[in-house]
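**Student:** One structure, as structure tokens, below. Some questions next.
Any read-out appearing in this document is the output of simple, stated calculations on the displayed coordinates, not a laboratory observation. Everything numeric here is computed off the predicted structure, so don't read it as measured data. As a convention, Cβ positions derive from the backbone with ideal geometry for all residues, glycine included, and neighbour counts pool all protein chains shown.
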Amino acid sequence: MSGKTKESKLIYFNDVKPTAVCWLAKPFIARGKITVIQGDPGSGKTTLALSIAAHISTGKPLPFSTSEPVMGSVIYQNAEDCAADTLKPRLISMGADCSKIAFIEAASLNIDEDCKILEQHVRETNASMLTLDPFTAFMGSKADMCRATDIRRLMGGLMKIAEKYNCAMVLIAHMNKSAGAKDLYRALGSIDIPAAARSVMLVGRDEDGETRYVRHIKSSLVPEASAFAFRICENSSVEFLGDYEGALDDTEPLTPADNRKSHKAEEIILNMTASGQCRSTDIMDACGKNNISPATVKRVKGHLGIKSIKKQDEWYWMQ
């Protein structure tokens, strides 16, 4: 052990100046923080992430964001698709300004050994967002995706870059095959990956096979947002469809209190839809007055087989 004492400084919170969170797409993606977008293969994770990059490159508002639109540069690292025949055609179809979206060409680029390279290019481009797709492809051969100490080291390196340059770090993650596990625990690798993220978005496919949805399954900065839907068009562009009203089933075991609230939600939903269509907001309000969470209401809705229909930008539920 070295005899040299490490320098330290005690800082009182009284001396810390409060600052507001800077958003890239509130409430899903914050600048200076890590966001994870996870989902099964073919769910549309990459297409969604490319669409976000395209919007940022032109300053076009993102339909699911409540913050002011941001125009800036993006670094998009993809280890699975060809830049020439897959990624650029998609970006063009999305209306992206490709002069503001770049990738780093370097042999075996990885976070473990090349954080200085990542930092250099984030600084040079003043990148608003850096995406690693998928995250595990850029971990490096020395890091084990299932070892907590390795993941914390890698995430720590990314967090320093994100905070220093106010850059949103977006990590694309595949899902494991742990059937029955809570969605937050299904990201491939250590739980420390979503744990380090301030926001986790889950991309899934509706039963119709065409509609994709995004669930906010973790939000450490603001309350979790409602799910939204999108569709991938024939030219690989994205059409955002607004709020998603399909069944959102997280398989976390229910507690006795959850079961009591589920029974109450079932009673409310069936009573309010007994005579026909009922606005979903009215049902949600009625359940909210009984301290029943939106997640529980939607779980019960799916169990009951309640249908959703949209009329003039409002959703209605019916038996």
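**Student:** For region 44-170, give the magnitude of the charge dipole about the Cα centre (Cβ charges: +1 Lys/Arg, -1 Asp/Glu; no others), in debye to the nearest 20. Numbers along the way, then the final one.
**Tutor:** Working: 13 positive and 15 negative charges, 54 e Å.
Magnitude of the dipole: close to 260 debye.
**Student:** Sticking with this one: Taking a point 7 angstrom from the Cα of I117 along the C-beta vector, which residues in region 69-107 have backbone N less than 13 Å away?
**Tutor:** From region 69-107, the list is 77-78, 103-107.
**Student:** Structure shown: which of K45/K160; K88/K310; K88/K160 lie over 28 Å apart, alpha-carbon to alpha-carbon?
**Tutor:** Working: K45/K160 25 Å; K88/K310 35 Å; K88/K160 30 Å.
Cα-Cα > 28 Å for K88/K310; K88/K160; rest within.
**Student:** Taking the convex hull of the Cα atoms, report for region 52-158 its projected area averaged over all directions, in nm².
**Tutor:** So the mean shadow area of the Cα hull is 7.6 nm².
**Student:** So what is the relative contact order for region 51-117, in percent, with contacts set as C-alpha pairs under 8 Å and at least six apart? Write out the running numbers ahead of the final one.
**Tutor:** Values: 65 pairs, mean separation 23.3, N = 67.
It comes to 35 percent, rounded to a whole number.
**Student:** Given the Cα-Cα distance of K6 and T58 and 0.36 nm per residue of separation, how much length would full extension add, in nm?
**Tutor:** 14.1 nm
**Student:** Further question on the same structure: Using Cα centres only, tell me the gap between region 303-319 and region 68-107 in whole Å.
**Tutor:** With region 303-319 and region 68-107 each reduced to a Cα centre, they are spaced 37 Å.
**Student:** If each Cα of the chain is one equal point scatterer, what is log10 of I(q)/I(0) from the Debye formula at q = 0.08 Å⁻¹?
**Tutor:** -0.42
**Student:** Take every Cα pair under 8 Å in the chain that's 6+ residues apart, average their separations, divide by the length, and report that relative contact order as a whole percent. Present the calculation step by step, with values, prior to reporting the outcome.
**Tutor:** Details: 568 pairs, mean separation 57.3, N = 319.
It comes to 18 percent, rounded to a whole number.
**Student:** A further question on this structure: Which is the longest part of the chain that has none of the GluC sites (Glu not before Pro) sitting in a DSSP loop with at most 14 other Cβ atoms within 10 Å?
**Tutor:** In short, 106-206.
**Student:** Hydropathy first: keep DSSP H helices in the chain averaging at least 0.0 on Kyte-Doolittle, then drop any whose Cα extent along the axis falls short of 30 Å, and list what survives.
**Tutor:** Passing helices, by number: none.
**Student:** Could I ask something else about it? Non-local amide H neighbours of I29 (under 5 Å, H modeled in plane, Pro and chain starts lacking H): which ones?
**Tutor:** Amide H neighbours of I29, under 5 Å, 5+ apart: L24.
**Student:** Continuing with this model, one more query. If you average the sequence gap of Cα pairs under 8 Å that are 6 or more apart and divide by the length of region 116-174, what percent do you get for the contact order?
**Tutor:** 51 percent
**Student:** Oh, and also: Using the Karplus curve 6.51 cos²θ - 1.76 cosθ + 1.60 with θ = phi - 60°, work out ³J(HN,Hα) for each residue of region 223-238 in order, rounded to whole Hz, and write x for Gly and Pro.
**Tutor:** Listing the rounded values in order: x, 4, 8, 5, 5, 10, 10, 8, 10, 8, 6, 4, 8, 6, 6, 10 Hz.
**Student:** What residues qualify as long-range amide H neighbours of I37, i.e. H under 5 Å apart, gap of 5 or more or another chain, H built at 1.01 Å from N?
**Tutor:** L171, I172, A173, M201
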